[in-house]
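**Student:** First the structure, which I've put down as structure tokens, then a few questions once you've had a look.
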Amino acid sequence: MDYAKALDYAGLHDLPASYAARWAEFQALPAGRLWDNAYLLENQSLFGFSDELTKEILRVRDAVAADEALALLARFFHWVLFVGSKPFLVEKPGALLAEKLGDDKGLFGMIPLIAETARTLTAIDEYRLDRENITGNFKSLNNFANEYKKKNGHWGLDAFSWNCSCVVPYYNKCGHLGFEPISIEYDYTYYYNDKTGSSVVLCGDGISCTGDGLLTSNNCPFPAAFTTKAARGDGWVEGFPIDPLGVALHQTVRLSLDQYRPLIKQWDVLLAFHIPSGPGYTVESTYHSLREAVSFYRRVFPDIDFKGIWCYSWLYTPQLRLLFGPAESEMVKIQRHFYQVPAWRDSGAYTRFVYKTETLEPSTLPRGNRLHRRLAAIIERGGHLTSGGLMLPVSLVDGWMETEYDDTDSLPAFRMSQPYDANDLPTL
Ligand SMILES: CC(C)(COP(=O)(O)OP(=O)(O)OC[C@H]1O[C@@H](n2cnc3c(N)ncnc32)[C@H](O)[C@@H]1OP(=O)(O)O)[C@@H](O)C(=O)NCCC(=O)NCCS
């Protein structure tokens, strides 16, 4: 069967282009079958699915099994996402919505995800992982399906990449934080000078930035002010550096490779962490979690050659530094220990984790605490909230607690470069 025709038939759009090249390899494998209905019924409590959701998934599974092209695609997506390579090395689709299934389109994505849980249950025993923890992740599928139903009136799934993380054995709680391996897609290289102990992250070529050194990606409302340039020669590299506050600088630095060693580069595997809601996110708990994660993944998954730590979160945007000093906020205290980097523009985390509203329309935003008031003031003044990232090489984890990046010069410069008046934000 032709891949493009099968996608057209199923009404599947916006999939990573790299999947097409894997189709022939998959088709050459012995033909498998979709999981059996009895499997889901036996494991229903493990997924936390209601009887209603289980019934709906089984109905869609039967419809898919009866349709040769859909069944082939469901098995292909399971293989390409989880089996054909390590799942954290595979590009994920934004969603897996088979339009051919009408309102059931989102449940199509459940089929490859449920298929993978069978292998994960085996891995839990093989690697002696915390069963409660991993099957707790399975239950997130149920939460996402419920949320989707509430929003869209029918079952489905979005946040597909996150759903993939919920069904593999790689997402594990270490201390206060949850970790999973990812492959870093940003073209940033982390250089380290062993003699002086100084770190410099350089941008690759052609990254488009706004005037304040954040990225223009993802429908950013502000125009590009500069595009990064990079070059390398015999024994040196040159590029636009990133200030540890998390902004790209419009200037060039040259590093001698005699002095600076690259510790992390694009597509390396890093342990990405997630911050749970509720109390407990402190400098001490973060340090403990980082160290525990390094020793856990080294011990349990020695074949994962991770080079460091990563996080993409609203908790790592330099915009928070415009709002609070370290004395006023644990979030900012923690930020100062990390080398932050600009990351995709996305304000979705603020509706989800901060305001718990549908939109960021200022007139409807709660103003109950300082964070709410100060972020709302940014939006009211024409600013655009975004998340940010961080990079921490494995060899610098032990010294994380003693490392603090000085923002005496960079913070006022960042404040000045905002496309709105950011001067009085900390007093609101
Ligand atoms: C991580 C977390 C525990 C930090 O909270 P914290 O320790 O209170 O942080 P700070 O001490 O720096 O708080 C500074 C101010 O921001 C407020 N604040 C912090 N996190 C907030 C949140 N998620 N929503 C609303 N307000 C928040 C605090 O209430 C405080 O304001 P106040 O003194 O006027 O009450 C908290 O943000 C949280 O639970 N977040 C949800 C999980 C999350 O977002 N994970 C990341 C997914 S990308």
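**Student:** Wholly within region 36-88, which helices (runs of 4 or more DSSP H) include no fewer than the required count, namely at least 3 residues that are buried (at least 17 other Cβ atoms within 10 Å of the Cβ)?
**Tutor:** Where helices (runs of 4 or more DSSP H) fall fully within region 36-88 and carry at least 3 residues being buried (at least 17 other Cβ atoms within 10 Å of the Cβ), they are 51-65, 68-78.
**Student:** Quick test for you: out of Asp62, Asp8, pick the one residue that is over 21 Å from Phe160 (Cα atoms) and either at pLDDT 95 or above or not assigned by TED's automatic domain parsing to the domain that holds Glu132 (or both).
**Tutor:** Going through Asp62, Asp8 in turn, just one is over 21 Å from Phe160 (Cα atoms) and either at pLDDT 95 or above or not assigned by TED's automatic domain parsing to the domain that holds Glu132 (or both): Asp62.
**Student:** Same structure, new question: Do we find that Leu157 is within 21 Å of Glu358 (Cα to Cα), aliphatic (A, V, I, L, M) and either in contact (Cβ under 8 Å) with a residue 12 or more places away in the chain or not assigned by TED's automatic domain parsing to the domain that holds Val269 (or both) in this structure?
**Tutor:** Here the answer is yes, as Leu157 does meet what is asked.
**Student:** With Asn146, Asn163, Asn152 as the choices, which residue is under 19 Å from the mean Cα position of the chain (by Cα) and in the same structural domain as Ala115 (by TED's automatic domain parsing)?
**Tutor:** The unique qualifying residue is Asn163.
**Student:** Hey, does region 160-174 have a residue that's assigned to a strand (DSSP E or B) and at pLDDT below 95?
**Tutor:** Yes, region 160-174 contains a residue that is assigned to a strand (DSSP E or B) and at pLDDT below 95.
**Student:** Can you name the strands (runs of 3 or more DSSP E) wholly within region 197-249 that have at least 1 residues being touching an Asp or Glu at 6+ places or on another chain (Cβ under 9 Å) and among the acidic types (Asp, Glu)?
**Tutor:** In region 197-249, the matching strands (runs of 3 or more DSSP E) lie at 241-243.
**Student:** Test of understanding: among Lys92, Lys105, which residue is among the basic types (Lys, Arg), crowded, with 20+ Cβ neighbours inside 10 Å and at negative phi?
**Tutor:** Working: Lys92 fails: crowded, with 20+ Cβ neighbours inside 10 Å.
Lys105 is the lone residue from the list that is among the basic types (Lys, Arg), crowded, with 20+ Cβ neighbours inside 10 Å and at negative phi.
**Student:** I'm checking my understanding of the structure. Among residues of region 316-330 that are buried (at least 19 other Cβ atoms within 10 Å of the Cβ) and within 11 Å of the ligand (Cβ to nearest atom), which one is farthest from Met401 (Cα to Cα)?
**Tutor:** Among those residues, the one meeting the criterion is Leu323.
**Student:** Are any residues in region 273-307 within 16 Å of the ligand (Cβ to nearest atom) and outside any helix (DSSP H, G or I), and if so, which ones?
**Tutor:** Phe273, His274, Ile275, Pro276, Ser277, Gly278, Pro279, Gly280, Tyr281, Thr282
**Student:** Considering region 361-378 alone, what residues qualify as being more than 21 Å from Gly246 (Cα to Cα) and surrounded by fewer than 19 Cβ atoms within 10 Å (Cβ to Cβ)?
**Tutor:** Glu361, Pro362, Ser363, Thr364, Pro366, Arg367, Gly368, Asn369, Arg370, His372, Arg373, listed by residue number.
Residue-by-condition table, conditions (1) within 23 Å of Trp344 (Cβ to Cβ); (2) within 16 Å of the ligand (Cβ to nearest atom); (3) in contact with a helix residue (DSSP H, G or I) (Cβ under 7 Å, 6 or more places away or on another chain):
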position: Ser363; (1), (2), (3): no, no, no
position: Arg367; (1), (2), (3): no, yes, yes
position: Arg370; (1), (2), (3): no, yes, no
position: Ala376; (1), (2), (3): yes, yes, yes
position: Gly382; (1), (2), (3): yes, no, no
position: Pro412; (1), (2), (3): no, no, no
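**Student:** Step by step: first the residues of region 379-428, then only those that are out of contact with any strand residue (DSSP E or B) (no Cβ under 7 Å at 6 or more places or on another chain), assigned to a loop (DSSP other than H, G, I, E, B) and of a type in the set (S, T, N, Q), then the one that is surrounded by the most Cβ atoms within 10 Å (Cβ to Cβ). Which residue is that?
**Tutor:** So the residue we want is Thr386.
**Student:** Could you say which residue among Asp212, Asp194 is loosely packed, with under 14 Cβ neighbours inside 10 Å and on the phi < 0 side of the Ramachandran plot?
**Tutor:** Asp194
**Student:** In addition: For region 175-191, what are the residues that are more than 18 Å from Trp236 (Cα to Cα) and not in a strand (DSSP E or B)?
**Tutor:** Of the residues in region 175-191, the ones more than 18 Å from Trp236 (Cα to Cα) are 175-186.
Answer for region 175-191, where residues must be more than 18 Å from Trp236 (Cα to Cα) and not in a strand (DSSP E or B): Gly175, His176, Ile184, Glu185, Tyr186.
**Student:** Quick one: which residue in Val201, Val168 is over 21 Å from Asn43 (Cβ atoms) and buried (at least 19 other Cβ atoms within 10 Å of the Cβ)?
**Tutor:** Val201
**Student:** If Pro223 meets every condition in (1) over 29 Å from Phe273 (Cα atoms); (2) at pLDDT 95 or above apart from one, which number is that one?
**Tutor:** Only one criterion is unmet by Pro223, namely (2).
**Student:** Name the residues in region 329-375 that are β-branched (Val, Ile, Thr) and assigned to a loop (DSSP other than H, G, I, E, B), would you?
**Tutor:** Filtering region 329-375 for residues β-branched (Val, Ile, Thr) gives 332, 334, 341, 351, 354, 357, 359, 364.
Residues satisfying the conditions are Thr357, Thr359.
**Student:** When both residues are 6+ apart or on different chains and their Cβ atoms are under 8 Å apart, which pairs have a first residue that lies in region 275-302 and is in the same structural domain as His337 (by TED's automatic domain parsing) and modelled with pLDDT under 95, and a second that is part of a helix (DSSP H, G or I) and within 7 Å of the ligand (Cβ to nearest atom)?
**Tutor:** Close Cβ pairs satisfying both conditions: Ser277/Phe353.
**Student:** Also, I was wondering about something else. Could you run through region 72-118 and say how many residues are more than 19 Å from Ala145 (Cβ to Cβ) and among the hydroxyl-bearing types (Ser, Thr, Tyr)?
**Tutor:** Count: 1.
**Student:** Which condition does Ala349 not pass, out of (1) under 22 Å from Glu185 (Cα atoms); (2) touching a residue at least 60 places away in the same chain (Cβ under 8 Å), if it passes all the others?
**Tutor:** Answer for Ala349: the failing condition is (2).
**Student:** Is it the case that some residue within region 232-246 is in contact (Cβ under 8 Å) with a residue 40 or more places away in the chain, more than 16 Å from the ligand (Cβ to nearest atom) and out of contact with any strand residue (DSSP E or B) (no Cβ under 7 Å at 6 or more places or on another chain)?
**Tutor:** Yes: one or more hits.
**Student:** Among Lys100, Lys105, which is at pLDDT 95 or above, of a type in the set (Lys, Arg) and not in a loop (DSSP other than H, G, I, E, B)?
**Tutor:** Exactly one of Lys100, Lys105 is at pLDDT 95 or above, of a type in the set (Lys, Arg) and not in a loop (DSSP other than H, G, I, E, B), namely Lys100.
The values are calculated or read from the model by the stated rules, or taken from the named source; none is laboratory data. Only a predicted model underlies this, so the values are computations on that prediction, with no experimental measurement involved. Methodologically, a virtual Cβ is constructed for each residue, glycine included, from the backbone with ideal geometry; neighbour enumeration extends over all protein chains shown.
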